Every structure is written in C-alpha cells, then in structure tokens.
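Everything on this sheet refers to the single structure shown next.
The values are calculated or read from the model by the stated rules, or taken from the named source; none is laboratory data. In this text the structure is predicted, and so the values were computed from the model without any measurement. Cβ placement follows ideal geometry from the backbone for every residue including glycine, while neighbour counts extend to all protein chains displayed.
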Amino acid sequence: MKTQSPPADLLRSGSYGPGSKAVYNWIMIGVVMLLVQVILGGITRLTGSGLSITEWNVVTGALPPLSEDAWLNEFNKYQQTPQYQILNSDFTLKDFKFIFFWEWFHRFWARLIGVVFVVGFVYLVAKKKLKKEMYGPLVILFLFGALQGAIGWIMVASGLTGDAVYVKPTRLAMHFVFALGLISYAYWFALDLKVTRFQTINNPSLRKWTWWLIGILFVQLAFGALMAGHKAAIYAPTWPTINGNMVPEGMLRESPVILNFFENKTTIHFVHRGLAYLLLVLIIVYSRKLFKLVTNSAPFNKARKYPLVFVLIQVLLGIISVLTAPYIVPSHWGTFEWMAQLHQVTGMLLLLSLVAMLYMIRKTDITKQA
C-alpha cells in the first residue's frame, strides 16, 4: 500500500497553518528583546543601579532628564533613599548619572518591547496575518508582560524604605522567575508557529523527563536569583566546598526552618549548587536517551544537543563566578561581573532548550490526529 504523504502546507508551517511566518518573526523578535531585557536587568543589579529612579512614571519617565536642573531634581530624590544615605553618601552627580542610565535604559527597553508588541499587532491585523486562534495566546502575552512590569516596580519599591540598601531578594527572585515564565511562553508560541506537527515525536517517558528537568531548573534559577539578591557569591567564594565543607554548618539556624531557604546565605548556596549538580547528572542521562532516538525530525535532531551543551557551560560559568567573587571591586565591572552575567544568560538558554524539547516530544502521536 502506498503511504500517503502529509499535505505540503502542513510540512511548511506550524500548528496554525500556512501564512504564520510573519507572526513567527514578530514573536521571535519579542523573545530576543525579552532576553536582552533580562540581561539589562542583570547589568542594572550588578552595577547597583536599580534604586536610582525612585518613581514609576510610565509615560513621563520615558525620557531621561534633559537639563541640569532636571538632573539635580532626580539626584535630590535619590538622596532621600536609604541606599544613598547608608551606602552611597559620597556619590557625586556624575556617579548618580551612571547608575541612573542603567535603570533608565532597563525601563526604556521594557517600554520598547511594549511598542514593538503593539505596533506589530496593529500591522499584522491590518495585513490579515493573525488568525482568530492566535488572539488568545497574544492576550495572555500582553497581560503577562504588564504583570511583569508591575512586579518590577513592586521589587524596586521594596528597596526605597526603611534601612534597605538593595531590593528584597525574594522580590528579585519573583521578578526573575516571572520573566522566565514570560519568555518561555512567548517561545512556546513561536514554536507553535514554526514547528509542524509532523516534526514532533511521540515519547511519553522522555516528555515526563523534560517536565521534571524544567521544574528543577526553575527552582535552581530562582535560587540563583536569591544568590544574586543576597550578594551571596562573596559569602562562600570556594569550590568544590562551601567555605571548607561539602555540607556546611548553620543551614538551619533561622526560625522557622522555611526562612533558611530565603534568607540564609549558607542554605541558599547549598541548594543552588546541589540543584546544579543534580541537573548536570540528569541532563547527561537525558541526553543519552535523546541521542539514542532515531527520528526523521530535523528540528528535533538539531535541538537535542543544546540542553547538554548549555548545562556544561552553565556549571563551568557558575564555578568561575564563585571563584572570582573575592576580586569584586565596587563600581568596577570586572571578571566576576562578566562571569555572573554569562552564567545568567546561559541559564535562560538552557531553559529555552528544554522548552523546545518539551514542545517537540509529545505524549501522544499527534500525526494520527491530523
């Protein structure tokens, strides 16, 4: 019996059918811009710039100060914050302009993402490129992005009162995790526009593996954000031990016990490193399973190598970041800052590589539903 070939349209397009290329390109531009936004957030944190703008003016804050008086006004607002009074009381206007730039640019880029989304949406509607089934995911993306902006301000506000000189680590972690969720959702939608149903594979067992790896990675990245928020790298700049011990003392000194996982630098170090080792082992095993599969899916065959590549780089960068922490120089971008930033970027790429695997490994044979 002659095997019937799938329709050519289904081989050339994703789940939404032909004509989705323009929408795919638009969404992928958004994914890249979101990744850049998180990178800018990392730079803002590493330069200590996050509390330099003390108000959340969505429209009027789009432009930086344009006169000397405007700069002095913003500097005066910053001088009322605990960070200035406790940590940066020696700052000159020039110092303030430096940290102001990074926080302003971080917010400006967020506004630009919104503009790209709205302009792209209007254009695609006018060109009749959007299908009715695409509107649901796009509304979720818009609301998700708006929520992320609100969480960002809640995070900043946590460092403007009392004796806080930085934002609360738990709110930083929440902001980061929501960013990861937003990027993952946008990337999933992009895959839905690009990868055809005939380019996915059926393997329920590996799909469960992928879900578990994504779950563990999300927790590990959240603890990475807590590490960053507590500036904990300098607390234990040793490897493979944590200040001389594989299982350090004092991990449960806080009460109640759950508080140790959010406030205790020793516990955060131990969990973050432990989950990194666990992910490394699991992804090695997972990758062996992936490479044993014989498939005709070109996207799957190409993408399956990336989880292993990224986890190896991620672990290496994490070790280097810890070991270079003692050489941090305040207000100077050095080796540690580069390693920490690359460590964060690779973590995001690892997550997206697993999201791609989750999309392409199905629980049921989707081709039989065509």
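Considering Ile29, Ile86, Ile39, which residue is surrounded by fewer than 18 Cβ atoms within 10 Å (Cβ to Cβ) and farther than 25 Å from Phe176 by Cα? The match here is Ile86. For the structure I just gave you, tell me whether Leu293 is surrounded by fewer than 16 Cβ atoms within 10 Å (Cβ to Cβ) and either in contact with a Pro (Cβ under 9 Å, 6 or more places away or on another chain) or modelled with pLDDT under 95 (or both). For Leu293, the condition - surrounded by fewer than 16 Cβ atoms within 10 Å (Cβ to Cβ) and either in contact with a Pro (Cβ under 9 Å, 6 or more places away or on another chain) or modelled with pLDDT under 95 (or both) - is met. Report yes if Phe91 is aromatic (Phe, Trp, Tyr) and either in a helix (DSSP H, G or I) or surrounded by fewer than 14 Cβ atoms within 10 Å (Cβ to Cβ) (or both), otherwise no. When the stated conditions are applied, Phe91 does not pass them. The single condition among (1) more than 19 Å from Gly274 (Cβ to Cβ); (2) in contact with a Leu (Cβ under 8 Å, 6 or more places away or on another chain) that Arg362 does not meet is (2). Once the stretch 253-307 is narrowed to residues that are of a type in the set (A, V, I, L, M) and free of Cβ contacts under 8 Å to residues at least 24 places away in the same chain, the residue that is farthest from Ser353 (Cα to Cα) is Val257.
Listed conditions (1) of a type in the set (Gly, Ala, Ser); (2) over 30 Å from Tyr135 (Cβ atoms); (3) loosely packed, with under 15 Cβ neighbours inside 10 Å are all met by Ala62, apart from (2). Of all residues in the stretch 356-365, those being β-branched (Val, Ile, Thr), crowded, with 20+ Cβ neighbours inside 10 Å and out of contact with any Lys or Arg (no Cβ under 7 Å at 6 or more places or on another chain) number 0.
Candidates Phe270, Phe336: the one that is farther than 17 Å from Leu180 by Cβ, surrounded by 20 or more Cβ atoms within 10 Å (Cβ to Cβ) and modelled with pLDDT under 95 is Phe336.
For Val294, the requirement of being on the phi < 0 side of the Ramachandran plot and outside any loop (DSSP other than H, G, I, E, B) is not met. When Gly215, Gly162 are checked against the criterion of being of a type outside the set (Phe, Trp, Tyr) and more than 23 Å from Leu290 (Cα to Cα), a single residue qualifies: Gly162. Quick one: in the stretch 297-328, of everything that is in a loop (DSSP other than H, G, I, E, B) and within 22 Å of the chain's Cα centre (by Cα), which residue is surrounded by the most Cβ atoms within 10 Å (Cβ to Cβ)? Checked the stretch 297-328; the qualifying residue surrounded by the most Cβ atoms within 10 Å (Cβ to Cβ) is Arg304. If I ask for residues that are surrounded by 16 or more Cβ atoms within 10 Å (Cβ to Cβ) and not aromatic (Phe, Trp, Tyr), which ones from the stretch 115-148 would you list? Scanning the stretch 115-148 gives Gly120, Leu124, Lys129, Leu130, Met134, Pro137, Leu138, Leu141, Gly145, Gln148.
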